[in-house]
Every structure is written in structure tokens, then in C-alpha cells.
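Chemist: One structure coming up, written as C-alpha cells, with questions to follow.
The values are calculated or read from the model by the stated rules, or taken from the named source; none is laboratory data. No experiment lies behind these values; they were computed from the predicted model shown. Cβ sites come from the backbone with ideal geometry, for glycine too, and all protein chains shown count toward neighbours.
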Amino acid sequence: MQKVIGEFEIKRIINADVEALWHETKEHSGITEDYFMEYFTGKEQGFAIEIKKVKLYKEPMCIKTDFQATPPQSFIYID
């Protein structure tokens, strides 16, 4: 869709070995353990972002028009 639907504040960034990271984040990850472990295959450590506040926009913003960015980037940082 190439739309920005909201923003969030970062509470903290978690860095841990993959097994510990899963145990710390699994309740709120929104994914299965199989998917998580497949994503981190071959990695000893991983990172996760704990979200503090979420703000959903009433109207999604267009990446091209509103941010002058060229899709199909999976994400970009906008200050």
C-alpha cells in the first residue's frame, strides 16, 4: 500500500541471545515461535523494540507524496 499508518515511541531496545529474546518477547510478538526461530536462523543474538506509545493516523499518509520517498522500501526513518 506504500502508506504510513501511524508512529510510535521506543521504550527500549532489547538485545539478547535468540532463545532469551523469544522468552522475553513472545507474549507480545504477534508471531509464532517457529517464524521467530526461522528469522533468526544462524544468529546467536537478536534485537527487539519495545514500544511505549502508539499513535494511529486517521488518514494514512502516502510515502511518495507526503515524504518524497520512493517505495518499495520496507521502511525509512522520518524525523
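Chemist: Go through region 2-14 and report how many residues are surrounded by 11 or more Cβ atoms within 10 Å (Cβ to Cβ) and farther than 24 Å from P60 by Cβ.
Modeler: Residues in region 2-14 being surrounded by 11 or more Cβ atoms within 10 Å (Cβ to Cβ) and farther than 24 Å from P60 by Cβ: 2 in total.
Chemist: Identify, please: which residue in region 15-48 is closer than 30 Å to M61 by Cβ and of a type in the set (S, T, N, Q) and is, among those, surrounded by the most Cβ atoms within 10 Å (Cβ to Cβ)?
Modeler: Only one residue fits best here, namely T25.
Chemist: Another question, then. Mind telling me which of the residues A16, A48, A20 ends up being out of contact with any helix residue (DSSP H, G or I) (no Cβ under 7 Å at 6 or more places or on another chain), of a type in the set (A, V, I, L, M) and at pLDDT 95 or above?
Modeler: A20
Chemist: Might you let me know whether region 35-51 holds any residue that is assigned to a strand (DSSP E or B), in contact (Cβ under 8 Å) with a residue 40 or more places away in the chain and not hydroxyl-bearing (S, T, Y)?
Modeler: yes
Chemist: Now, a different point. How do the pairs read when you match residues in region 16-30 that are under 11 Å from Q45 (Cα atoms) and outside any helix (DSSP H, G or I) with residues anywhere that are small (G, A, S) and modelled with pLDDT of 95 or more, using Cβ under 9 Å and keeping only pairs 6 or more apart or on different chains?
Modeler: The qualifying pairs are A16/G46; A16/A48; D17/G46.
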